[in-house]
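Computed from the coordinates by the stated procedures, all read-outs in this text should not be read as laboratory data. This is a predicted model, so every value here is computed, not measured. Backbone-built Cβ (ideal geometry, glycine too); neighbour counts: all protein chains shown.
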Amino acid sequence: MSSLAVTDALLDGELVGLRCEEGRIAALGPEVEPAPGEEVIDAGGAPLVPPLVNGHTHAAMTLFRGSGGDLPLMPWLQERIWPTEAKLHADDVYWGTRLACAEMIRSGTTRFWDMYWHPGAVARAVEDAGIRAAVGAPLFDANGKVEELRQAALVSLEELPADAPGVTPTLTPHSIYTVSESSLRWVAGLAAEREVPVHIHLSETESEVQDCLATHGVRPAFYLDRLGLLGERTLLAHGVWLDHAELELIAERRATVVANPVANMKLAVGGFFPYPAARAARVAVGLGTDGAGSNDALDLLADLKLFALTQKHAAADPTAIAAADAWAIATGARAPLLEAGEPLTVGAPADFLLLRANAPELAIGELASNLVYAAGGATVDTTVVGGRVLMRGGEVEGLAEIVARAAERARGLGLSAAGA
Ligand SMILES: [Zn+2]
């Protein structure tokens, strides 16, 4: 692999050079110069920042963008999403995921947590796009389809390459209201045996909490804990209705909660993840977009602003979250499960962003504040993963073909394509 060097990047107020070797950062600092024969990016004084981690999405749902977007959650799932998903082919998922990866690369996300059908196709798309993802098939056992769920879980793990550096296999039971108690226990056992993370929707709507109380006598986080599903490899998407006792329990078990404020607002669930209480309880927190069917963008920088603003607004307190904390959450730095590690250090994977050198929205003021409140995906100029340049000057390689192929697959599913 040819190596990459960056010159004149702005890091913590000083101009630095960076060299990548074998996919990792080999050198970083003011004295670092390119070695002979290296591919060189002259950053021209552009800020060098860690990339973003999208902690919850259904990447291939880019195919569903712009379809049925004004319905409540259950009719939207039951009438629009699930019937079409039943017809999905692996190639649909591949091109839908490639489109999602292109959007994420374009807006500075280099790692995402996915829950979608045909996980083998998702993994191929992730590898071909050059980014990183934790991947698993959604597991359901409605109408007593327990054997089907078990098969789907085992096939999902088998379909995923065990040794691909960019792909982490996961088990992804859809939710506590679509998977039975016995199947959730079985998933907990399999996850422990295979030592894989579990990624599940939890406490998204108030009715989910009321149903859980009525059926199981406890709130959702306590229910998961009783089933052995709440641990340090558990990722809970949403967490809108978690109460103090649940947050304390989640912190004690070292599970991670990923907030999805835009999807919550679009589906009008009536609340937001209680970040100030979660911070007080020391819960590991990440940020996600959710799928393009319920957001509809995959621009985590745009969602970061909404995350911070909704927290301030809900608490009626502008100090409810600081910009530096919001930025840390979006980069995965506040949740070890998201595997962001210590970015921008020697020995770390060579995953980083260069922002636009002359972006007016970054010209004045503190960088963290500007990143949260003024920047959007279009502020990102260059995206590098494992020392490989996936976007330079805002141009993602191969984008025209990816857009055309994804639109063709959407048309084939009877979903409206661009211009239709
Ligand atoms: Zn979701």
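Roughly how many debye, to the nearest 20, is the charge dipole of region 130-209 about its Cα centre, given +1 on each Lys and Arg Cβ, -1 on each Asp and Glu Cβ, and no other charges?
In debye, rounded to 20, region 130-209 gives about 120.
Sorted by packing (mean other beta-carbon atoms within 10 Å per residue), highest first, where do 315-326, 195-206, 253-264 land?
Highest mean packing first, the order is 253-264, 195-206, 315-326.
Among Asp351, Asp12, Asp42, rank each residue by its count of other Cβ atoms within 10 Å, from fewest to most, as a rough exposure measure. Spell out each step's value before the answer.
On the way: Asp351 27, Asp12 9, Asp42 13.
In order of increasing Cβ crowding within 10 Å: Asp12, Asp42, Asp351.
Where does each of 147-157, 367-377 land if you order them by average Cβ count within 10 Å, highest first? Could the numbers behind the result be given before it?
Numbers: 147-157: 17.1, 367-377: 19.6.
By packing density, highest mean first, the sequence is 367-377, 147-157.
Subtract the Cα-Cα distance of Ala315 and Asp128 from 0.36 nm times their separation in residues, and report this length gain in nm to one decimal.
Working: separation 187, 0.36 × 187 = 67.32 nm, distance 4.25 nm.
Full-extension gain reported as 63.1 nm.
From the square roots a ≥ b ≥ c of the eigenvalues of the alpha-carbon gyration tensor of region 1-155, which class results: rounded (a/c under 1.5), prolate (a/b over b/c), or oblate?
The shape class here is prolate.
State, as an integer percentage, the relative contact order of region 223-329 based on alpha-carbon contacts under 8 Å between residues 6 or more apart.
Relative contact order for region 223-329 comes out at 24 percent.
Helix by helix through the chain, keep the DSSP H runs that span 18 Å or more along the axis on Cα and average at least 0.0 on Kyte-Doolittle, and give those back in order.
Helices meeting the criterion: 146-159, 300-315, 399-412.
Hey, can you rank 233-241, 277-285 by average C-beta count inside 10 Å, highest first?
Numbers: 233-241: 25.4, 277-285: 19.1.
For the peptides 233-241, 277-285, the packing ranking is 233-241, 277-285.
In terms of the Cα gyration tensor, with a ≥ b ≥ c the square roots of its eigenvalues, is region 237-353 rounded because a/c is under 1.5, prolate because a/b exceeds b/c, or oblate?
Here region 237-353 falls in the oblate category.
What's the magnitude of the charge dipole for region 269-420 around its Cα centre, counting Lys and Arg as +1 and Asp and Glu as -1 at the beta-carbon? Answer in Debye, nearest 20.
The calculation lands at about 200 debye.
Identify all aspartates and glutamates with a Cα-Cα distance to Lys145 below 19 Å; exclude those on the same chain that are fewer than 8 residues away in sequence.
Qualifying aspartates and glutamates at Cα under 19 Å: Glu85, Glu181.
Positive end of the dipole of region 1-101, charges at C-beta (+1 Lys, Arg; -1 Asp, Glu), about the Cα centre: which of Leu52, Leu71, Leu11 has its Cα farthest in that direction?
Leu71
Evaluate the relative contact order of the chain (contact order divided by residue number), counting alpha-carbon pairs under 8 angstrom at least 6 apart; express in whole percent.
In percent, rounded to a whole number, it is 21.
Taking a ≥ b ≥ c as the square roots of the Cα gyration tensor eigenvalues, with a/c under 1.5 meaning rounded and otherwise prolate when a/b beats b/c, else oblate, which class fits the chain?
Cα axes put the chain in the prolate bin.
Give me Met391, Met115 ranked fewest to most by other Cβ atoms within 10 Å of their Cβ, as a rough exposure proxy.
Ranked by crowding around the Cβ, least crowded first: Met391, Met115.
Using only alpha carbon pairs under 8 Å that are at least six residues apart, calculate the relative contact order of region 1-92 and give it in whole percent.
24 percent.
Between Glu31 and Thr215, how high is the FRET efficiency from 1/(1 + (r/R0)^6) when r is the Cβ-Cβ distance and R₀ = 41 Å? Nearest 0.05.
0.05
To the nearest 0.05, how large is the calculated FRET efficiency for Arg194 and Val40 if R₀ is 41 Å and r is the Cβ-Cβ distance?
So the FRET efficiency works out to roughly 0.45.
Quick one: of the DSSP bridges fully inside the chain, what percent are antiparallel, nearest 5?
Around 45 percent of the beta bridges assigned by DSSP in the chain are antiparallel ones.
Placing unit charges on C-beta atoms (Lys and Arg positive, Asp and Glu negative, everything else neutral), compute the dipole magnitude of the chain about its Cα centre in debye, rounded to 20. If you can, show how the numbers build up before the last one.
Working: 31 positive and 54 negative charges, 140 e Å.
That gives a dipole near 680 debye.
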